[in-house]
Structure formats: structure tokens, C-alpha cells
């Protein structure tokens, strides 16, 4: 943020007028969990409940959706948050030897 104060010729302080900027909400991204044949469902439930902060019942529902439909949206976040959740989840899966994959795509 820039300093809005500017000294005047007589030594006083004059405030600059700041023009109003067109502020738009950030673009949101869906984080999608993809099904695979190797990652145990209980691991996916645990990850969804911890990384995505979902109650166990909702984490279980999402995991079943991944299992039956091939994918499910775990949440919608700003780009940085979505990217962090994808990377965190994939690192956890990798550390346990599972190939769990996630993607993120912009909301339309």
C-alpha cells in the first residue's frame, strides 16, 4: 500500500485523494478428488475431514461419491488455498504410498 501523505510546501501534511479502484472478488476454484483403485476409502475420509475440515459424515459422503461417480468436489476456494489443499493432500497420500490425485478448476 502506498503512503497517502504528501508534504506541502509550507511543511504541513496534505492527504492525497485516492481514486476508488474497481474491486472484484477473487476467482474461485473447485478442488476435485479423483477416484483410483488403490487408495483406501478410510484414508480418503480421513484426508477430507482433516485437510478440507469436513465433518466425518460429510467426508464419508464425499468419499462415497468419489467411489461411485469417479470424482467429487471437496470444496471451493481461492486459487492459493485450493492449490495448497491439493498439494497437501497429494503429499499426505504419497507419504502413505497411495496414488490419490486431485485437480482444481476455475468456477464458471
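Quick notes on this structure:
- Checking residue 33 against (1) more than 20 Å from residue 103 (Cα to Cα); (2) surrounded by 10 or more Cβ atoms within 10 Å (Cβ to Cβ); (3) at pLDDT 90 or above, the condition it does not meet: (1)
- The set of residues from the range 37-66 being outside any helix (DSSP H, G or I) and either modelled with pLDDT of 95 or more or surrounded by 14 or more Cβ atoms within 10 Å (Cβ to Cβ) (or both) comprises 38, 39, 40, 52, 53, 54, 55.
- Filtered residues of the range 98-108 (kept if closer than 11 Å to residue 29 by Cα and touching a helix residue (DSSP H, G or I) at 6+ places or on another chain (Cβ under 8 Å)): 103, 104
- Selection count, the range 66-108, where residues are touching a strand residue (DSSP E or B) at 6+ places or on another chain (Cβ under 6 Å) and free of Cβ contacts under 8 Å to residues at least 40 places away in the same chain: 2
- Scope the range 63-97; condition more than 14 Å from the chain's Cα centre (by Cα) and under 12 Å from residue 31 (Cα atoms); matching residues: 71, 72
- Taken across the range 74-93, residues that are part of a loop (DSSP other than H, G, I, E, B) and either modelled with pLDDT of 95 or more or touching a helix residue (DSSP H, G or I) at 6+ places or on another chain (Cβ under 9 Å) (or both) do not occur at all.
The values are calculated or read from the model by the stated rules, or taken from the named source; none is laboratory data. This structure is a prediction, so every number in the text was calculated from the model and none was measured. FYI the Cβ positions are ideal-geometry reconstructions off the backbone, even for glycines, and counts take in every protein chain you see.
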